[in-house]
Amino acid sequence: MWGPSIAAMRRLYVAALLRQMNLSPAAQPEAPVEAPADSPVDQPRVIDRLEPALQGRLLSLTGRDHYVDVRTTAGTGSILMRFSDAMAEVAPVEGAQIHRSHWVAWSAIEGVERDGAKISVVVAGQRLPVSRSFRGALAERGLI
């Protein structure tokens, strides 16, 4: 005689695990988490992906492997997504890509530093490099 299939055993295991964690389908869902009071009503979609404690005004994005570090006024959080997709979700915040791995909000730039031919922008005390191919956006804004 054959026993239950592997798929059937997996379903039983998952159902038992959910019951143990009190997450069974019959369990009531939690109330939605409210965004912090200082977060804007029309905030970027990329901010909505962060946990509520980190949802603040968007400062910068940094691509790191398969993750994007989203820096806000409330802190920095990492989300699993492509850097290009994260940049597509920054509206209505105005900013620009300054490097293959960095995007900054115009309002977050505290200063621009030069070290010979190298240019960096300062965002919340952090220096982010500006690559030559993206310097045009800074020049158009009169920052360099």
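The values are calculated or read from the model by the stated rules, or taken from the named source; none is laboratory data. Just so it is clear, the model here is predicted, and its values are computed rather than measured. Using ideal geometry, Cβ is built from the backbone for each residue, glycine included, and neighbour counts are taken over all protein chains shown. What goes into the accessible areas is simple: the full protein's heavy atoms, side chains included, and nothing from ligands, DNA or RNA. Shrake-Rupley method; radii C 1.70, N 1.55, O 1.52, S 1.80 Å.
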### Message
If H102 meets every condition in (1) within 11 Å of the chain's Cα centre (by Cα); (2) at pLDDT 95 or above apart from one, which number is that one?
### Response
(1)
### Summary
Checked pairs for region 126-144, first under 12 Å from R114 (Cα atoms), second part of a helix (DSSP H, G or I), C-beta under 8 Å and 6 or more apart or across chains, list as V130/L138; I144/R135; I144/L138
### Summary
Going through region 71-88 in order, the residues found to be open to solvent by 20 Å² or more (accessible area, probe 1.4 Å) and either in contact with a helix residue (DSSP H, G or I) (Cβ under 6 Å, 6 or more places away or on another chain) or not in a strand (DSSP E or B) (or both) are T73, A74, G75, M81, R82, F83, S84, D85, M87, A88
#### Entry: Filtered residue count, region 71-82, keeping only those that are farther than 15 Å from G125 by Cα and under 9 Å from the mean Cα position of the chain (by Cα)
5
### Query
Considering region 11-20 alone, what residues qualify as being basic (K, R) and either on the phi > 0 side of the Ramachandran plot or at pLDDT below 75 (or both)?
R19
#### Entry: Matching residues, region 43-70, being open to solvent by less than 20 Å² (accessible area, probe 1.4 Å), part of a strand (DSSP E or B) and either modelled with pLDDT under 95 or not small (G, A, S) (or both)
L58, L59, L61, V68, V70
